[in-house]
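Following: one structure in structure tokens, then a few remarks.
The values are calculated or read from the model by the stated rules, or taken from the named source; none is laboratory data. Here the structure is a predicted model, which means the values were calculated and not measured. Here the Cβ positions follow ideal geometry from the backbone for every residue, glycine too, while neighbour counts run over all protein chains shown.
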Amino acid sequence: MNDSTGPLLPDWQVSQWFNVRAAPQLADLRGRVVLIHAFQMLCPGCVAHGLPLAAKVHEAFAPQDVAVVGLHCVFEHHDAMPPHALAAFIHEYRLRFAIGVDRPSADGPIPHTMARWELQGTPSTLVLDRSGHVRLHHFGALDELRLGALIGQLLAQAPGVQATAGDAAGSAGCADGACEATG
């Protein structure tokens, strides 16, 4: 961790949303801590670690305090993961938080938001403070205690005050339950 405040992310480019009435934008979520989980439904690390952790956070915190958003970033096996298959996956795994499908890129296999946010692969976790600044940008499986401590610290900050928890960057390879994107 370092002590600098992270950047504001450019908004996501989503082609379809699940579990929401209206398409959220990052600016709509300001005032809340935001957990963004970038995943692929065929990524073993996402299914075993990332999605269960995102679901736990969604269940543990009030939605007015913590927003959980899934971002389905398909960078491989495109034919096996169309939106209708994702809809069945969301139903089967009983995922209740907002999930968007990252807009495919015309320039290659890496979807639009994944490239703009410089995500290394899946699972990737981003945590934004109440002001919308990136406080955690992590690739791979993430320790629950570490995540919970960061969310608790960010929730303890008054709205509009930037936390000093630091911007943490983590890196793990496929051996650590992550599928790295190359493109």
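Each row is one residue, and each column tells you yes or no for (1) free of Cβ contacts under 8 Å to residues at least 40 places away in the same chain; (2) among the aliphatic types (A, V, I, L, M).
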residue: ALA88; (1), (2): yes, yes
residue: HIS91; (1), (2): yes, no
residue: ARG96; (1), (2): no, no
residue: GLY100; (1), (2): no, no
residue: ASP107; (1), (2): yes, no
residue: MET114; (1), (2): no, yes
residue: GLU118; (1), (2): yes, no
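Does segment 64-78 hold any residues that are in contact with a helix residue (DSSP H, G or I) (Cβ under 7 Å, 6 or more places away or on another chain) and either of a type in the set (Asp, Glu) or at positive phi (or both), and which are they? Write out each step before concluding.
Of segment 64-78, the ones in contact with a helix residue (DSSP H, G or I) (Cβ under 7 Å, 6 or more places away or on another chain) are 65-68, 70-73, 75.
ASP65 - this is the single residue of segment 64-78 that is in contact with a helix residue (DSSP H, G or I) (Cβ under 7 Å, 6 or more places away or on another chain) and either of a type in the set (Asp, Glu) or at positive phi (or both).
In segment 126-135, which residues are surrounded by 24 or more Cβ atoms within 10 Å (Cβ to Cβ) and under 18 Å from ALA55 (Cα atoms)?
Answer for segment 126-135, where residues must be surrounded by 24 or more Cβ atoms within 10 Å (Cβ to Cβ) and under 18 Å from ALA55 (Cα atoms): VAL127, LEU128.
Taking the condition in contact with a Gly (Cβ under 7 Å, 6 or more places away or on another chain), under 19 Å from PHE139 (Cβ atoms) and at pLDDT 95 or above, does TRP17 pass? Spell out how you get there, then give the answer.
On the way: in contact with a Gly (Cβ under 7 Å, 6 or more places away or on another chain): yes; under 19 Å from PHE139 (Cβ atoms): no; at pLDDT 95 or above: yes.
No, not satisfied.
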